[in-house]
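Comments concern the structure below.
The values are calculated or read from the model by the stated rules, or taken from the named source; none is laboratory data. Just so it is clear, the model here is predicted, and its values are computed rather than measured. So basically every Cβ, Gly included, is an ideal-geometry build from the backbone, and we count neighbours across all protein chains shown. The protein model used for the area step is the full one, side chains on, heavy atoms only, and it has no ligands, DNA or RNA in it. Shrake-Rupley method; radii C 1.70, N 1.55, O 1.52, S 1.80 Å.
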Amino acid sequence: MENKGPNVNAETLRTWLEEDKPVFILDVRPKEQRAEWKIPGSHYLDAYKRLNQGDQSVLDEVEIPPNTKVITVCAAGRTSQIASEILRNKGVDAYSLAGGMKAWSLAWNKAIILFDDYEIIQLRRTGKGCLSYIIVSNSEAIIIDASLPAEIYENILQQNNWQIKAVMETHIHADHLSRSKQLAEESGVKLLLPVPNKVSFAYESLQGNQQIQLGKIFIKVISTPGHTLESVCFLINDEVLLTGDTLFTNSVGRPDLKADNDETKRRTELLYESLQLLMNMNDNIKVLPAHINTPIDFDNKPIMATIREIKNKVSLLKLGKSEFVETILGKLPPTPPNFLSIVEKNLKGDFSDINPVDLEAGANRCAIS
């Protein structure tokens, strides 16, 4: 069978989902790939093997709502074309997702959180679970942990007539290529990074307890080593805490990336102390992490929890230091093969020699629960 059915690209599908258009997404990948990551709201059919064997009857099992576009999905866009062609031959308005889940890794949505003197735009890479932030006060903006192409942030700033003042990172990331350096350069603003780090390009250092003014608000830098030695959190007006990969809404950051056994143990001990520092803060402070380990719905609901809610949910936070260290070291999952390559690219600040989609594809693996 020829695979020449029409495609839609990831940005088109993203827009349809954002606009809540009726779309039936049919995932035909092998089960183990589906378990890794998926498109929110997608339907699954274990059809990969039979489609590639030429079995057209496998799609007879699918019940599709009337007057609905169907988007078929696989890893790279080949098998999904077979599926879309079969459906189109049945009279279904079907399309294949061009580039498959690899291309979907850059798809994003957003949620807006409003406060008296500022607002926070949470930009979410829905497939990978990467969360970045635009903090805005008095039409001035700071961008934190930029994980999307720079033009997305630039377009949002321009559409709202916001003036960017700086770009900051909570730490050197391992699961995505940082766009912060490029964004700062193109915008002509400072790139602020926590220390100690090993990047090989120019930046201004962030120090613990440093206060950064933005419009009518202040952002306080809190040193929280553990996930990485340079990790920091950002406390905004004593009511919102951006925790990077130190603390998530349902888990804590893993301390072993790019570290040997001794370094991992030392980082785990530091992580415990950092988490205790955060848990002693006001229970009503809202935590906004840099990642989540599940696909993010197009529901405009922020990924957020109070410190009180996290205390109640994350059992690791109830452990004493020795038990915490022992438990973390016993739970460390294998390091994803792409993470070390991503770290090296982020330390150099240049990934012009690769296709980011090829290196970044896959789910987030920065957490331990």
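Structure notes:
- Taking segment 89-121 as the range and being farther than 30 Å from MET304 by Cβ and among the hydrophobic types (A, V, I, L, M, F, W, C) as the test, the residues that pass are VAL92, ALA94, ALA98.
- In a residue-by-residue description of segment 247-266, the property of being under 21 Å from GLN122 (Cα atoms) and among the β-branched types (Val, Ile, Thr) applies to at least one position.
- Flag for ARG267 being part of a helix (DSSP H, G or I), of a type in the set (D, E, K, R) and on the phi < 0 side of the Ramachandran plot: yes
- Selected residue (criterion: modelled with the highest pLDDT) from residues of segment 215-246 that are open to solvent by 10 Å² or more (accessible area, probe 1.4 Å) and among the β-branched types (Val, Ile, Thr): ILE222
- Restricting ALA150, ALA174, ALA141, ALA184 to those that are crowded, with 20+ Cβ neighbours inside 10 Å and without any contact (Cβ under 8 Å) to a residue 40 or more places away in the chain reduces the list to ALA184.
- Hey, THR249 of a type in the set (Ser, Thr, Tyr) and surrounded by fewer than 17 Cβ atoms within 10 Å (Cβ to Cβ) or not: no
- Residue in segment 111-118 that is among the small types (Gly, Ala, Ser), closer than 22 Å to ALA10 by Cα and open to solvent by less than 10 Å² (accessible area, probe 1.4 Å) present: yes
- From the options ILE212, ILE156, residue that is assigned to a strand (DSSP E or B), of a type in the set (A, V, I, L, M, F, W, C) and surrounded by fewer than 20 Cβ atoms within 10 Å (Cβ to Cβ): ILE212
- Options ASP256, ASP260, ASP283: the member that is at pLDDT below 95 and either of a type in the set (A, V, I, L, M) or open to solvent by less than 50 Å² (accessible area, probe 1.4 Å) (or both): ASP256
- For segment 316-364, the set of residues classified as of a type in the set (Gly, Ala, Ser), open to solvent by 40 Å² or more (accessible area, probe 1.4 Å) and in contact (Cβ under 8 Å) with a residue 12 or more places away in the chain consists of SER341 only.
- Of note, ILE164 does not satisfy the criterion of being in contact with a Leu (Cβ under 9 Å, 6 or more places away or on another chain), hydrophobic (A, V, I, L, M, F, W, C) and part of a loop (DSSP other than H, G, I, E, B).
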